[in-house]
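Since the structure comes first, as structure tokens, the remarks are kept for the end.
The values are calculated or read from the model by the stated rules, or taken from the named source; none is laboratory data. The structure presented is a predicted model; accordingly, all values stated were derived computationally and were not measured. Glycine also receives a Cβ, built like all others from the backbone with ideal geometry; neighbour counts cover every protein chain displayed. Quick note on the areas: whole protein, heavy atoms, side chains included, nothing else; ligands and nucleic acids left out. Shrake-Rupley method; radii C 1.70, N 1.55, O 1.52, S 1.80 Å.
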Amino acid sequence: MILDIPLGKLIVTAQEVQVRLTSTGVMLQSFCDDLIILPGPLLLADAGAVRWSLPITQEVADLMVDFIGPQLLKR
């Protein structure tokens, strides 16, 4: 699933999420097991040595939870 966000695009699969930031050309990637959606909503990737976060809309958060599952809301 490809979702447009103000900073670029989210490419969401059952195993991973890629964030492509159009203004800088940066691509962030994380396995779904390392993702959580915090209130705000804020997409947080925490794989130990690498951590990044990205503000998202509630609509995008809801679509991601529907596609990947409710484990995105728990930790």
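Computed quantities for the displayed model
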quantity	calculated
Mean Cα-pair separation over length for the chain, i.e. relative contact order, pairs under 8 Å, 6 or more apart, %	21 percent
The chain, dipole about Cα centre (Lys/Arg Cβ +1, Asp/Glu Cβ -1), debye to the nearest 20	180 debye
In sequence order, calculated HN-Hα J values of region 41-55 (Karplus, 6.51, -1.76, 1.60; Hz; x Gly/Pro)	x, 10, 7, 10, 10, 9, 10, x, 6, 10, 9, 8, 9, 8, x
Accessible surface of the chain, 1.4 Å probe, proportion on carbon and sulfur as whole %	58 percent
Taking N as its residue count, the alpha carbon Rg of region 13-75 over 2.2 N^0.38 Å	1.05
Sum of side-chain charges, residue 22 neighbourhood, beta-carbon under 14 Å (Lys, Arg +1; Asp, Glu -1)	+1
Accessible area per residue, Å², the chain with all protein chains present, probe 1.4 Å	62 Å²
HN-Hα J in Hz across region 58-65 - Karplus 6.51, -1.76, 1.60, θ = phi - 60°, x for Gly and Pro	5, 4, 5, 4, 4, 5, 5, 5
